[in-house]
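Trainee: I'd like to ask you about the structure that follows.
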């Protein structure tokens, strides 16, 4: 007959493992983009530089852009020249390797209200927190607590004989959990 403590430890291990797998491989993708407006050598044409970033899901990501004037592009960093004045809706669709997709839209006005006097630098991609990354931290914490409890209650001899190994595992799990908790911010 299985003791309740053994059952609870096994349940904590299983739940921790499932949370980690779900968050890393089945979690949603989130994305965002920024842009800089620049000048063009041709009067009446304005070049915009776009930079995107994505998180969550299964990398690598596919970035597909439409610029609202019939043109499109692919890539994390792209440029586009608008030849007519107006407000355009720029759409970015990001897909991951598991087939998850997210659509981000922003309006861009050409010509820009504040015309730059020089070509702007390539915009820095925005920080995008992964939507389910804190689940990884919770899963790692559950795994660590379950394994630590098992060692302390069931196999105290392991702790005596392999103290450095047990301490290293606890430290590694703590670092991984802390990393994923900080990455979620």
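Trainee: Could you tell me whether residue 30 is out of contact with any helix residue (DSSP H, G or I) (no Cβ under 8 Å at 6 or more places or on another chain), surrounded by 14 or more Cβ atoms within 10 Å (Cβ to Cβ) and either touching a residue at least 60 places away in the same chain (Cβ under 8 Å) or part of a helix (DSSP H, G or I) (or both)?
Mentor: So residue 30 fits the description; yes.
Trainee: Residue under question is residue 72, and the condition is that it be touching a strand residue (DSSP E or B) at 6+ places or on another chain (Cβ under 8 Å), modelled with pLDDT under 80 and closer than 27 Å to residue 98 by Cα; does it hold?
Mentor: no
Trainee: Something else: Give me a count of the residues in region 77-87 that are within 16 Å of residue 34 (Cβ to Cβ) and surrounded by fewer than 19 Cβ atoms within 10 Å (Cβ to Cβ).
Mentor: 2
Trainee: Tell me which of these residue 108 doesn't satisfy, since it passes every other one: (1) under 17 Å from residue 34 (Cβ atoms); (2) under 24 Å from the mean Cα position of the chain (by Cα); (3) at pLDDT 90 or above.
Mentor: (2)
Trainee: With the requirement that a residue be free of Cβ contacts under 8 Å to residues at least 24 places away in the same chain and within 18 Å of residue 46 (Cβ to Cβ), what does region 73-108 give you?
Mentor: Correct list: 73, 87, 88, 89, 107.
Trainee: Any chance region 55-69 includes a residue that's in contact (Cβ under 8 Å) with a residue 60 or more places away in the chain, in contact with a helix residue (DSSP H, G or I) (Cβ under 7 Å, 6 or more places away or on another chain) and surrounded by fewer than 18 Cβ atoms within 10 Å (Cβ to Cβ)?
Mentor: no
Trainee: Do you know which of the residues in region 53-63 that are farther than 12 Å from residue 33 by Cβ and part of a strand (DSSP E or B) is farthest from the chain's Cα centre (by Cα)?
Mentor: Going through the qualifying residues, I end up with 62.
The values are calculated or read from the model by the stated rules, or taken from the named source; none is laboratory data. These figures come from a predicted structure and were not determined experimentally. With ideal geometry, Cβ positions are generated from the backbone for all residues, glycine too; neighbour counts draw on all protein chains shown.
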